[in-house]
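Below: the structure, in structure tokens.
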Amino acid sequence: MKSNLKNIILIFIFIILIIVIYDILNYSTNEKIERLKDHKYTNLSMNMQKEFNQLIDVKRNTTLAIALLLAKNNYFIDALVKNKDFNLDLDSYSGILKEHSDFKNIWFQIVNKDGVSIARSWTKKRGDNILKQRIDLQRVFQTKKASTSISIGKFDLTFKASVPIFYNNKIVGIFESISHLNSITNELIKKDIFPVIVAEEKYKKQLIDPFSKIFIGDNYIANINAKEKQLEVIRRIGVPFFKNLSDPYIIDKKTKQLITVVKMYDINNQAMSYAILFKPLEKIDISQITQLKTNMNFYIILLVLIIVIFIYYFVIQKYNNFLKEEHKRLKLILDTQPNIMLITNTKTIVEVNSKFLEFFNKYSSLDHFLSEYNCICYLFEDFDDEDYIKDKIVENKKWIEYLIDNSHKILKVAMKKDGELHHFIIKASKIDSNKFSDEFFTVIVLVDITSEIKIKKEIEYKNKLINEQSKMVAMGEMIGNIAHQWRQPLSIITTAVTSMQLEKEFNRLSDEKFNKNCDLINKNAQYLSKTIDDFKNFIKGDRSKRITKVSSIIESFLNLVEAAAKNNNIEIILNVDNNIDLNGYENELIQCFINIFNNSKDAFKENNIKDRFIFIDSYILNDRLIIKIKDNALGIPENIISKIFDPYFTTKHQSQGTGLGLNMTYKLITEGMDGSILVNNKRFKYKEQEYKGAEFTISLPLN
Ligand SMILES: Nc1ncnc2c1ncn2[C@@H]1O[C@H](COP(=O)(O)OP(=O)(O)O)[C@@H](O)[C@H]1O
Ligand SMILES: [Mg+2]
């Protein structure tokens with residue numbers, strides 16, 4: 001789940017990245033495309049303006065040319081010079097042009113030297129002086145040079161060419177040709193440029209009989225071929241906007257037209273009218289630009305694709321490297337482990353360490369192993385112990401699950417290597433899934449305990465042996481004492497019997513002596529029997545805890561060693577508190593005392609000690625019973641004192657020593673009675689004499 005989320009986030013980031021990259025690239029191409037378009041539109045507007053201006057120039061020049069030609073007409077000169085009021089047929093000239101040229105509407109006027117119009121092609125009206133209103137005519141008279149102008153008069157916006165008519169180098173009049181814009185605008189329309197010629201508001205008044213009859217507000221529209229589609233745009237946006245337009249062009253998004261404006265000036269250089277030129281966008285060839293855009297799109301997509309592939313590759317590469325590193329680290333960790341380790345998923349073993357391959361050295365690699373077994377469980381030996389896992393299924397569970405569920409137990413497996421059985425403690429633990437997948441893994445650790453088990457078995461065997469030997473030793477330690485115990489009564493009995501036999505031979509055995517000796521024999525035989533019982537009780541003695549007085553335990557001990565002590569000239573000096581109760585194992589404690597006593601007895605002999613003492617002290621200290629047994633047999637050499645409780649440690653001859661007496665004592669006290677025993681060498685004074693010997697201190701809990 002966790003890793004899924006991570007993947008989704010990763011993909012999400014990736015997509016965002018792609019979008020951002022695409023957007024940036026797309027934005028910059030669009031920017032470039034817009035710039036190209038702007039460039040194209042600017043150029044186009046300039047061309048439209050240029051075209052318009054050229055057409056105007058052509059018109060102006062043709063109008064002038066016609067006027068120049070007709071001004072040389074002698075017929076007109078004659079009429080002016082002679083100042084004849086005759087009917088000049090200017091209309092027919094217009095007719096000829098209408099018929100044979102593009103000049104569908106061209107008019108002529110002749111003005112005499114006084115400024116009186118003497119002929120007009122468009123009307124019969126004549127004889128009126130127009131010089132006052134016509135500054136341009138005044139200028140022609142002054143400069144004696146032809147002039148052209150665009151102006152707005154009573155009817156329309158017109159081109160005028162005014163040419164002086166000379167006679168004998170004197171101006172006799174002016175010939176004027178006048179034409180409309182319509183031929184220009186028609187020409188433009190043919191080229192998909194739709195013009196609207198808008199006059200300044202101020203001319204509204206003077207247009208008495210407007211030719212086109214079209215107005216937008218107070219602005220006269222001078223071309224009769226202005227289309228409604230364009231007029232609507234001007235109406236919507238308003239004339240002032242176009243008048244003040246400083247940009248080379250604008251785009252009307254609604255009607256999808258490019259619009260550019262050409263200002264037209266009167267002869268006083270005053271803004272007179274505006275040619276608003278429209279070009280439908282669809283008529284503008286921007287295929288190169290759109291082609292560029294498609295090309296760019298292609299490159300962008302290609303670039304994005306490359307980036308995506310690169311990033312993808314990079315991420316994958318990084319991820320793979322990461323996995324490799326992770327794997328290496330894992331492998332290193334696994335390989336440095338002293339135990340066999342393997343990692344499994346739900347289906348198979350996925351990783352093992354070098355110890356694994358060391359153990360299963362039949363296989364060169366994990367794959368090799370897997371080609372034969374997909375589970376290590378097939379190699380578990382059927383070992384007769386309930387702690388051992390023997391099969392794939394344990395208590396209806398898969399063995400791994402069983403291991404995980406019973407992690408508190410120490411479970412084992414046995415496997416064979418080279419025919420030899422190896423024992424392992426086996427542990428399994430689930431590990432949190434890898435960051436990038438949901439699979440769960442189990443780590444299995446096998447701790448080889450074969451040698452420990454061997455050692456344990458050996459120890460068990462040794463202990464068993466020691467225990468058995470200890471029993472024998474206990475008997476031995478005892479028998480020595482029995483022998484001592486029996487020696488005196490046996491010799492009394494033998495003496496009594498022998499003396500009776502002798503006296504009987506000589507017939508001197510009195511009844512009195514016979515009875516006395518029989519009593520003596522009886523008494524001693526009973527003593528022997530009692531000693532036997534004592535020993536039997538002791539040896540057979542059940543191992544039961546009983547509350548007994550410490551003093552009586554010591555007394556029992558003394559009874560058993562009494563004779564031995566006497567025979568060896570050992571004086572036992574007691575300093576025992578009579579009122580201490582011990583809840584303990586009486587017989588075992590007596591056995592311990594005997595073992596200690598026998599060692600002292602041996603040491604006395606070994607060291608040829610003359611005056612032999614054994615001191616037994618008993619008291620309570622800190623709620624514990626303390627029993628100290630001390631002799632004056634010179635003590636235990638310091639270099640061996642730490643070893644005397646070890647099994648089989650002895651300084652005596654093989655036939656004499658077993659090295660088990662003190663070991664038995666130690667075990668009885670520490671393991672059996674929860675007590676402690678320690679040994680020290682002591683120097684002490686007794687009856688003004690300095691002595692040296694070993695002192696054993698036994699400490700026991702009181703109950
Ligand atoms: N009271 C003692 N004085 C001197 N040496 C002693 C004394 N008690 C024990 N030892 C030493 O401890 C050794 C071990 O005693 P023990 O375990 O009883 O074995 P064993 O008596 O068979 O040698 C003895 O061989 C002896 O060297
Ligand atoms: Mg001994």
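Only one entry of K104, K170, K144 meets the criterion of being without any contact (Cβ under 8 Å) to a residue 60 or more places away in the chain and either in the same structural domain as Y203 (by TED's automatic domain parsing) or out of contact with any strand residue (DSSP E or B) (no Cβ under 7 Å at 6 or more places or on another chain) (or both), and that entry is K170. Of D78, D136, all but one fail to be among the charged types (D, E, K, R), in a helix (DSSP H, G or I) and closer than 23 Å to A275 by Cβ; the exception is D136. Figure legend. Inter-residue proximity from the stretch 628-650: first residues at positive phi, second residues near ligand 1 (Cβ under 6 Å from one of its atoms) and open to solvent by 40 Å² or more (accessible area, probe 1.4 Å), beta-carbon distance below 9 Å, spacing 6+ or different chains. Indicated pairs: Y648/T658.
Candidates I580, I609, I636: the one that is more than 60 Å from the chain's Cα centre (by Cα), within 20 Å of E555 (Cβ to Cβ) and not small (G, A, S) is I580. Scanning the stretch 257-291 for residues that are farther than 18 Å from P195 by Cα and more than 60 Å from the chain's Cα centre (by Cα) yields D266, I267, N268, N269, Q270. Sub-6 Å Cβ pairs linking a first residue in the stretch 656-680 that is within 14 Å of T697 (Cα to Cα) and more than 7 Å from ligand 1 (Cβ to nearest atom) to a second residue that is hydroxyl-bearing (S, T, Y) and assigned to a strand (DSSP E or B), at least 6 apart or interchain, are G675/S699; S676/S699; L678/T697, ordered by first then second residue.
Answer yes if at least one residue in the stretch 591-607 is assigned to a strand (DSSP E or B), modelled with pLDDT under 95 and either surrounded by fewer than 16 Cβ atoms within 10 Å (Cβ to Cβ) or within 15 Å of ligand 1 (Cβ to nearest atom) (or both), and no otherwise. Within the stretch 591-607 (the criterion being assigned to a strand (DSSP E or B), modelled with pLDDT under 95 and either surrounded by fewer than 16 Cβ atoms within 10 Å (Cβ to Cβ) or within 15 Å of ligand 1 (Cβ to nearest atom) (or both)), the answer is no, since none of the residues qualifies.
So, Y666, is that one open to solvent by 20 Å² or more (accessible area, probe 1.4 Å) and within 25 Å of G584 (Cα to Cα) or not? Here the answer is yes, as Y666 does meet what is asked.
Against the conditions (1) touching a strand residue (DSSP E or B) at 6+ places or on another chain (Cβ under 7 Å); (2) over 22 Å from E51 (Cβ atoms); (3) not β-branched (V, I, T), P280 satisfies every one except (2). The set of residues from the stretch 240-261 being open to solvent by less than 10 Å² (accessible area, probe 1.4 Å) and closer than 21 Å to L181 by Cα comprises F242, I259, T260.
Between D623, D577, D581, D617, the distinction of being closer than 20 Å to S551 by Cβ, at pLDDT 95 or above and open to solvent by 40 Å² or more (accessible area, probe 1.4 Å) belongs to D617 only. All conditions but one from (1) under 30 Å from L157 (Cα atoms); (2) small (G, A, S); (3) touching an Asp or Glu at 6+ places or on another chain (Cβ under 9 Å) apply to A275; the one that does not is (3).
Let's see how each residue does on (1) part of a loop (DSSP other than H, G, I, E, B); (2) closer than 18 Å to A474 by Cβ; (3) away from ligand 2 (no atom under 12 Å from the Cβ):
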residue	(1), (2), (3)
I626	no, no, yes
F645	yes, yes, no
K652	yes, yes, no
G657	yes, yes, no
T665	no, yes, no
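Among residues belonging to the stretch 343-373 that are in contact with a strand residue (DSSP E or B) (Cβ under 7 Å, 6 or more places away or on another chain) and not aliphatic (A, V, I, L, M), point out the one that is farthest from L330 (Cα to Cα). That would be F359.
The values are calculated or read from the model by the stated rules, or taken from the named source; none is laboratory data. Small disclaimer: the values here were computed from a predicted structure and weren't measured. Neighbour counts are summed over all protein chains in view; Cβ atoms, including those assigned to glycine, are modelled from backbone coordinates with ideal geometry. Just so you know, the surface numbers come from the protein's heavy atoms only, side chains and all, with ligands and any DNA or RNA stripped out. Shrake-Rupley method; radii C 1.70, N 1.55, O 1.52, S 1.80 Å.
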